[in-house]
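Data first, discussion second: the structure below is written as structure tokens.
Please treat every number below as a calculation from the coordinates, not as lab data. This structure is a prediction, so every number in the text was calculated from the model and none was measured. Because the Cβ atoms are built from the backbone with ideal geometry, glycine has one as well, and the counts that use them run over all protein chains shown.
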């Protein structure tokens, strides 16, 4: 087969023209499309990398904020525990003071109640003792016992301090009248003894009136105005409530 160079050259020219046409109208648009797609992919990848970087940064920020929040929460918990402990101590101290005050009030009330009960019992005991002593001494009272008590009355008058008698004389000013009360009628001899003792110790010119007062039970009582010298069973029995009252006031 004979090679036709003209045909061969024309074929080459046609092939080159085809290549130029393909390159111009097909390859370049395809390359442009591929380049555009590659650019889009690169842009998407860059956007994805940016999103990933932002997500990582946000995750790190969130982790840091979470750690800070945990620290803040722990600090707040410690502060709350400290305030709670302080408030608990304050409330316990307050409760202790209130309990102590209540115990003191209760102790004071108990002491006052016991003191009141003691006073009542002492008063009742004093009344019962006086009643018993009155009943007993009332049985023993009589002219013989009264004679002895009158002698004790005279001895008591003789034993009075001079200072006290001077005050009584100053009140009488040499005048006035005295009253001698006895439970029974005194014999004349005992009246003279009493009058002599009064005249010797108080005032020679003092007039005495002798009276009978059965309420005295036994003994004698000399009254000179507001001043009184009592040596009777009734006077001694009247001492019971007063002595009991003084004893109660002196108790702690």
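Write down the Kirkwood hydrodynamic radius of region 1-103, to one decimal in angstroms, obtained as one divided by the mean of 1/r over all alpha carbon pairs. Can you show the working numbers first?
Working: mean 1/r = 0.0443 Å⁻¹.
Every distinct Cα pair counted, the radius reaches 22.6 Å.
Can you give the FRET efficiency for residue 179 and residue 158, using 1/(1 + (r/R0)^6), R0 = 22 Å, r = Cβ-Cβ distance, to the nearest 0.05? If you can, show how the numbers build up before the last one.
Details: r = 20 Å, r/R0 = 0.89.
With R0 = 22 Å, the Cβ-Cβ based efficiency is 0.65.
Could I have the simple spin-label model distance between residue 88 and residue 144, label points 7 Å from Cα toward Cβ, reported in nm to one decimal?
Result: 8.6 nm between the two label points.
Quick one: give the max-minus-min coordinate of the C-alpha atoms of region 3-44 along each principal axis, largest first, in Å.
Principal extents (Cα only, largest first): 56, 14, 6 Å.
Taking 0.36 nm per residue of sequence separation and subtracting the Cα-Cα distance, how much length would be gained by fully extending the chain between residue 42 and residue 28, in nm to one decimal?
Numbers: separation 14, 0.36 × 14 = 5.04 nm, distance 2.01 nm.
That works out to 3.0 nm of additional length.
Could you work out how far apart the two model spin labels at residue 19 and residue 191 are, taking each label as a point 7 Å from the Cα in the direction of the beta carbon, and quote it in nm?
About 18.7 nm separates the two model spin labels.
At 0.36 nm per residue, minus the direct Cα-Cα distance, what do residue 227 and residue 201 gain on full extension? Give it in nm, one decimal, please. Could you put the intermediate results ahead of the total?
Details: separation 26, 0.36 × 26 = 9.36 nm, distance 1.44 nm.
That pair, residue 227 and residue 201, stretches by 7.9 nm at full extension.
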